[in-house]
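See below for the structure under consideration.
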Amino acid sequence: MTSPTSRASEKSIFFTEPVVTALQKIGIYGGTFDPIHYAHLILAREALEQLQLERIIFVPAATSPGKDAPIASNDMRWEMLLAAIAGDACFEADDFELCRPPPSYTITTIKQLAIKHREADLFFLIGDDNLPQLPTWREFDGLQKMVTFVVLRRVEKPIAHEYLSVERRIDISATEIRNRVARGAPIRYLVPPIVEEMIRTRYTYLEVSK
């Protein structure tokens, strides 16, 4: 008579589905932020929520190619930016463009961020006023493969494009703010109160004509 096989001697093989971890979705928002203002912050929040990003990293430029140097110093712009985003866990800032010689090329920044955030999909936020020059950016073909462009509405008349977009438009500009400070006009409701106070107490933009 054959004895029954003991269950303890049986070998069971279990197959499990591979675990797929979703990549983080991180927004990168570059600019001079001279000064940072409510349009920057509102549109960053709009992109965060609309595209379900985990966070937005603000990257202030030393000097953007083809543009005039910022009016406020690097230190002042960095301090205003940090003050403006303080308390928002979804906003952070990185100063590596300020720590390297200008000009600030986007491809250099993205290569650094891709190394720093290996497990992330990068979404690069740009104003639609940059669209005409976008194909001329350094290593543009490579840049397109590394990021998903997100276009923020700035100009009054929409510009046709093929990228993701945030259609909300906030009609505030850093140029307007600097000129208002220079002529003694108030900037309340255009910038966060802490930024307004920093500009006032440090006598920034008083002799601006652009």
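The values are calculated or read from the model by the stated rules, or taken from the named source; none is laboratory data. Note that the structure is predicted; figures quoted are calculated from it, not measured. No Cβ is skipped: glycine too gets one built from the backbone with ideal geometry, and neighbour counts run over all protein chains shown. The area values use the complete protein model at the heavy-atom level, side chains included, leaving out ligands, DNA and RNA. Shrake-Rupley method; radii C 1.70, N 1.55, O 1.52, S 1.80 Å.
With each label modelled as a point 7 angstrom along the Cα→C-beta vector, the Lys25-Lys157 pair spans 3.3 nm. Farthest towards the positive end of the charge dipole of the chain, among the residues Ile71, Ile159, His37, is the Cα of Ile71, using unit charges on the Cβ of Lys, Arg, Asp and Glu. Per residue, the accessible area of the chain comes to 60 Å², computed with a 1.4 Å probe over protein heavy atoms only.
Across the stretch 180-191, computed HN-Hα scalar couplings (Karplus, 6.51 cos²θ - 1.76 cosθ + 1.60, θ = phi - 60°) run 5, 4, 4, 9, x, 7, x, 10, 4, 6, 9, 10 Hz from first to last residue, x flagging Gly and Pro.
For a Förster distance of 35 Å, can you work out the FRET efficiency between the beta-carbons of Ser73 and Phe140, rounded to the nearest 0.05?
0.70
Accessible surface comparison of Met198, Met80, Met146, probe 1.4 Å, protein chains only, largest first: the order is Met146, Met198, Met80. Relative contact order of the stretch 111-151, taken over Cα pairs closer than 8 Å and 6 or more residues apart, is 56 percent. Surface composition of the chain: carbon plus sulfur atoms hold 51% of the accessible area, using a 1.4 angstrom probe and ignoring ligands, DNA and RNA. Phi-derived couplings, Karplus 6.51 cos²θ - 1.76 cosθ + 1.60 at θ = phi - 60°, listed residue by residue for the stretch 157-172: 9, x, 10, 5, 7, 10, 9, 4, 8, 10, 7, 4, 10, 10, 7, 10 Hz, with x used for Gly and Pro. Full extension of the chain segment joining Tyr203 with Gln50 gains 51.3 nm, where the gain is 0.36 nm per residue of separation less the Cα-Cα distance.
Counting each DSSP H run of 4 or more residues in the chain as -39500 (n - 2.57), what helix-only mean residue ellipticity at 222 nm follows after dividing by all residues, to the nearest 500 deg cm²/dmol?
-8500 deg cm²/dmol, from helical runs alone.
Filter Lys111/Lys145; Lys25/Lys157; Lys25/Lys111 down to the pairs with a C-alpha to C-alpha distance above 22 Å, please. Lys25/Lys157, as the Cα separations exceed 22 Å there. With contacts taken as Cα pairs under 8 Å at a separation of at least 6 residues, the chain carries a relative contact order of 23 percent. Diffusion coefficient of the chain by Stokes-Einstein, Kirkwood radius over Cα pairs, 37 °C, 0.692 mPa s: 170 µm²/s. The calculated FRET efficiency for Arg183 paired with Arg118, based on their beta-carbon distance and R0 = 30 Å, is about 0.05.
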